[in-house]
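J.: Can you read through this structure? Questions will come right after.
The values are calculated or read from the model by the stated rules, or taken from the named source; none is laboratory data. Remember, it's a predicted structure, so these values are computed and weren't measured experimentally. Here the Cβ positions follow ideal geometry from the backbone for every residue, glycine too, while neighbour counts run over all protein chains shown.
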Amino acid sequence: MRPETEADLAGMIAGADGPLRICGGGTRAVGTVEGAVLETGGLSGITLYEPGALTLVARAGTPVAEIEAALAAEGQRLAFEPMDHRALLGTDGTPTIGGVAAANVSGPRRIQVGACRDFMLGVQYVDGVGQVVKNGGRVMKNVTGYDLVKLMAGSWGTLGVMTEVSLKVLAIPQAEVTLVHRDQSADEAVQAMTSALGSPYDVSGAAHFDGRTQVRIEGLAGSVDYRVGQLQNGALAGFERVEGEDSAALWTEVRDVTPFAGTSGAVWRVSVKPSDGVGISSALKTAGLSHDVIYDWGGGLLWLLIDGRADGGAQVLRAAVDAVGGHATLVRRGQAMTAEVPVFHPEAAGVAALSTALRAKFDPRGIFNPGLMG
Amino acid sequence: MDMPTPDPRVLEKKAAIVAALRAVLPADAVISDEAETRAYECDALTAYKCPPLVAVLPSSTEEVAAALKVCHRMGVPVVPRGSGTSLAGGALPTADCVILGTARLNDVLETDYANRVIRVQSGRTNLSVTGAVEEEDFFYAPDPSSQLACAIAGNIAMNSGGAHCLKYGVTTNNLLGVRMVTMEGEILDIGGAHLDAGGLDLLGLICGSEGQLGVVTEATLRILRKPEGARPVLMGFDSSEVAGACVSDIIKAGVLPVAIEFMDRLCIRVTDEFSGAGYPDCEALLIVEVEGSDTEIDEQLALILDIARQHNPVELREAETGDEAARIWLGRKSAFGAMGRINDYMCLDGTIPVSELPLVLRRIGEMSKEFGLEVGNVFHAGDGNMHPLILFDANKPGDLETCEAFGAEILKLCVEVGGCLTGEHGVGIEKRDLMTHQYAPADLEAQMAVKDVFDPGWLLNPAKVFPLQTSETRRIAAE
């Protein structure tokens, strides 16, 4: 099914007699969902863009590339730096803004400016009985009623099919510099990143993998020079300065997790507090699980590649995460995996009960991506 | 303003309710004497008052849970209260309710500079969160103007903003986790010191739910390293349109000031007379503040002043010293107090797209003549969050009603031009009956369905947010 209008979509959902697998461009699907495919690519187009108000409204099926091009023409961007999943997941197709919103996709700059959900000002969606609902709006400050926008962000199509999203956008800064160290242990890296993130120098990215630690500074050219100098004289002594396209390439690599592209293992995305990140990797080692790791968000976001286990390392990993607080999402199943493993981190009973009850309210027939989130 | 008729079955069992609460709480935590409950009869929306049946002041999450279990079992409505600074009536009691105050929940539980988070009990005041970390040069960013008094619990309930949220975001962007008690008395941990939700974003839903989904007792908040410095610049313009265009150009230019504040002629005059800030005599005034080291500030201000000059300002005043910076802010910070000195006023809180500023200001001016009441405009221009102050005389019969009608028209205008009823104060009772102007029945139904999940008995702050008529069947069915 590929509706061309919101009314078509509402009709299709109201008339659906079985489960639906909701997708935008189909580039970032996680887990396996049985159901008739319902894709939103037909609901496309930017409906409003006011650069002076930092606001853009687009239909859910609008290609991310189209939005980024429109923004770039005005010197603006999606500041939360959404990942392109195609290389990692081996998918093709066209990433859509609805997919970004439904998966709350946020990249390295999340630690400075916030997640996708923090940039979502409003949504319109069709619920499980075919009713069109709107929430939020297109202004930056809005506390009128409950914030269903946050609830829809990262709900992976299980609560409703988004038809329109309003976003806050930001200007592309004049300058960007990345400070790089090529030979650090994970412990040294976290220490350096923590110190940089705790400085007044407004770090907009802090990542580490394969011995390389990288810290990004953005802003007006003079300001960037000043802050880079301060960091090189303190927290990031011994780091070299990388600029321009070379700097940008370093972050695309982390954002899109390209070092894990083309591999066969399970890929996990883990969020813990930065000081717990290295401990997660140690716990896996202690349990005899060999793995590769990319640290983002100053050490608090781990991308893990775990090969050769029937459960993809789920049991050991999730126990380690539960011990410190956080969550682990199975973004890509490993080819060696034989066990059924929930994609999303199992929640405590009380929280899980609320989530289940909310899904039942929004989608009483349980037809949206059934089983995906519990 | 209508409120539901108090439930006589609750009123008549007051003694039993008090006894049940006393059985689970320390003796001094249950307030039932009518002379003392009067202290909780209103919040900062003082036009409406009603003493509660009982007030309770628990000192721990467990005591909150015990009190809520009693109220749930006995079918008593509960109105959570932070510091009572709501301008929307969010903490206004009903005669049949228990006020649950967070005043005794004010400890810092954990400060963690390495991970840049602090965990506090929710009754702690906003400013004292920063107070707990400023010796290490950190701060908590959301800064509502009541920050000296307002509690984090209330900030979370209303998703409070402040003057500096253009750069740092509002409460929901700085809240990482909560410990919350449901109406049934169940204790839940949602989120934590890590970023973002692993499943549905319940934290984002709870923030801004006006105390209708649960009582937050602890919060994990993001703290930030303080910038090296900050400096404001003052700009005067001979029309609001030009000031609005200047705001738009600054935002587009790629500098992100930490605040852009706007005042119109009436506010400029009144605050200047009150504070002696030395503001220019003009139609519109902007205060733009940027942060960083001295050289970074110079760089940003050079760009901003260049933009301002293209709009033919009648005055551009850069603060050369800390003292001059303080004087630039002096009038703005005393604006509400200064306006209050000349008259009673009602403070609105609608948000509009920044591009609609000139139109909205013109329409407000026209409506001011139609209703015969003066309006001063002072607001956060960078994000379009307006605060029109309608002046009225509380002692003059009918003036409050005229003022409320005028206010409602302004808020409807905000919605018409693509904005919303409230940007940072919340709906409470004040904007409750206007919700149908912003949301269609299905939109409100979806929000009420969320309350059904968290509080099926509609006992938590039940008469707020949704128009009484809209929520009536649910509130009655639940009894």
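J.: In segment A:112-147, which residue that is outside any strand (DSSP E or B), within 22 Å of the chain's Cα centre (by Cα) and among the aliphatic types (A, V, I, L, M) is farthest from A:Pro3 (Cα to Cα)?
T.: Looking at the filtered set, the residue picked out is A:Val113.
J.: Would you check which residues across segment B:238-249 are under 18 Å from B:Arg317 (Cβ atoms) and either within 9 Å of chain A (Cβ to nearest Cβ) or surrounded by 24 or more Cβ atoms within 10 Å (Cβ to Cβ) (or both) and list them?
T.: B:Ala243, B:Cys246, B:Val247
J.: Pick out, from segment A:185-288, the helices (runs of 4 or more DSSP H) lying fully within it that include 1 or more residues that are within 21 Å of A:Val113 (Cβ to Cβ) and basic (Lys, Arg).
T.: Where helices (runs of 4 or more DSSP H) fall fully within segment A:185-288 and carry at least 1 residues being within 21 Å of A:Val113 (Cβ to Cβ) and basic (Lys, Arg), they are A:221-232, A:244-255.
J.: Go through (1) touching a helix residue (DSSP H, G or I) at 6+ places or on another chain (Cβ under 8 Å); (2) modelled with pLDDT of 95 or more and name the single condition A:Gly52 misses.
T.: With respect to (1) touching a helix residue (DSSP H, G or I) at 6+ places or on another chain (Cβ under 8 Å); (2) modelled with pLDDT of 95 or more, A:Gly52 is out only on (2).
J.: Give just the number: which of (1) touching a Ser or Thr at 6+ places or on another chain (Cβ under 9 Å); (2) closer than 23 Å to B:Arg81 by Cβ; (3) more than 8 Å from every other protein chain (Cβ to nearest Cβ) does B:Ile223 not satisfy?
T.: (2)
J.: Moving to a separate point now. Quick check: is even one residue across segment B:419-438 free of Cβ contacts under 8 Å to residues at least 12 places away in the same chain and outside the structural domain of B:Met367 (by TED's automatic domain parsing)?
T.: The answer is no; no qualifying residue exists.
J.: Could you check segment B:104-119 and list, in sequence order, the residues that are surrounded by fewer than 18 Cβ atoms within 10 Å (Cβ to Cβ), in contact with a Pro (Cβ under 9 Å, 6 or more places away or on another chain) and charged (D, E, K, R)?
T.: Once the filter is applied, which keeps residues that are surrounded by fewer than 18 Cβ atoms within 10 Å (Cβ to Cβ), in contact with a Pro (Cβ under 9 Å, 6 or more places away or on another chain) and charged (D, E, K, R), segment B:104-119 yields only B:Arg104.
J.: If you don't mind, there's one more thing I want to ask. Quick one: which strands (runs of 3 or more DSSP E) lie wholly within segment B:272-354 and hold at least 3 residues that are farther than 30 Å from A:Val224 by Cα?
T.: So the answer is B:344-347.
J.: Right, here's the next one. Taking segment A:268-290, which residues are buried (at least 23 other Cβ atoms within 10 Å of the Cβ) and closer than 18 Å to A:Leu89 by Cα?
T.: A:Trp268, A:Val270
J.: Restricting to segment A:113-166, count the residues that are facing chain B (nearest Cβ under 7 Å), of a type in the set (Ser, Thr, Tyr) and closer than 28 Å to A:Thr32 by Cβ.
T.: Residues that pass the stated criteria total 1.
J.: A:Arg109 passes all but one of (1) under 18 Å from the mean Cα position of the chain (by Cα); (2) buried (at least 22 other Cβ atoms within 10 Å of the Cβ); (3) under 23 Å from A:Met373 (Cβ atoms); which number fails?
T.: (3)
J.: Can you tell me which residue within segment B:135-157, out of those that are in a loop (DSSP other than H, G, I, E, B) and aliphatic (A, V, I, L, M), is surrounded by the most Cβ atoms within 10 Å (Cβ to Cβ)?
T.: B:Ala141
J.: Another question, then. Of the residues B:Ser160, B:Ser122, only one is crowded, with 21+ Cβ neighbours inside 10 Å, in contact with a Leu (Cβ under 7 Å, 6 or more places away or on another chain), within 20 Å of B:Ala91 (Cα to Cα) and among the hydroxyl-bearing types (Ser, Thr, Tyr); which?
T.: Residue meeting the stated conditions: B:Ser122.
J.: What single numbered condition from (1) β-branched (Val, Ile, Thr); (2) surrounded by 24 or more Cβ atoms within 10 Å (Cβ to Cβ); (3) under 19 Å from B:Lys431 (Cα atoms); (4) more than 14 Å from chain A (Cβ to nearest Cβ) fails to hold for B:Ile364?
T.: Single failed check for B:Ile364: (2).
J.: Sticking with this one: Here are some residues: A:Gly99, A:Gly160. Which one is crowded, with 22+ Cβ neighbours inside 10 Å, touching a Gly at 6+ places or on another chain (Cβ under 8 Å), over 30 Å from B:Glu210 (Cβ atoms) and in contact (Cβ under 8 Å) with a residue 40 or more places away in the chain?
T.: A:Gly99
J.: Determine whether B:Leu213 is buried (at least 22 other Cβ atoms within 10 Å of the Cβ), in a helix (DSSP H, G or I), touching a residue at least 24 places away in the same chain (Cβ under 8 Å) and within 9 Å of another protein chain (Cβ to nearest Cβ).
T.: No.
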